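The values are calculated or read from the model by the stated rules, or taken from the named source; none is laboratory data. In this text the structure is predicted, and so the values were computed from the model without any measurement. No Cβ is skipped: glycine too gets one built from the backbone with ideal geometry, and neighbour counts run over all protein chains shown. The protein model used for the area step is the full one, side chains on, heavy atoms only, and it has no ligands, DNA or RNA in it. Shrake-Rupley method; radii C 1.70, N 1.55, O 1.52, S 1.80 Å.
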Amino acid sequence: MIKLQIVGNLGADCMLKEVNGKNVINFNVAHTEKFKDSQGNLRERTTWVNCAYWTDRMAVAQYLKKGKLVYVEGSPEAEAYSNKDNQPAATIKLRVRDLQLLGGSLDGGQENSNAGSSSNSNYNSGSVSTKPVAANLDDAADDLPF
């Protein structure tokens, strides 16, 4: 079994499509990792993942807006291509099985706690949290034992 779990922010508003009579929500998620390099300098690395969520629960799409913090889980797929400089590159795609909205709404209001929770029937769905996942990720990373 191969499974990918991501907590990150949406890079743009989602796009709704119908393919062969089935609904799909396409969106991309950015996860930024902060770390110190060998010289002790603070560095950042952002990984982008293109997501496809095949579902009949299209109501969640109204909450998938640019900047929204989400948790997604599913089956990953890597795709190789040549970039604009004709150099080999790769992209990560994810077929989403579970999607959860994290944090509060972008406009500062409170969301309905059941509105953003959606998943396939084979997976347990958690409730939508209106609190940030971690108050300060920089402090949390310093406490790790490795």
Is it the case, given these coordinates, that residue 84 is closer than 15 Å to residue 7 by Cβ and either in contact with a Lys or Arg (Cβ under 7 Å, 6 or more places away or on another chain) or of a type in the set (D, E, K, R) (or both)?
no
Could you tell me which of the residues 108, 104 is modelled with pLDDT under 90, assigned to a loop (DSSP other than H, G, I, E, B) and open to solvent by 50 Å² or more (accessible area, probe 1.4 Å)?
108
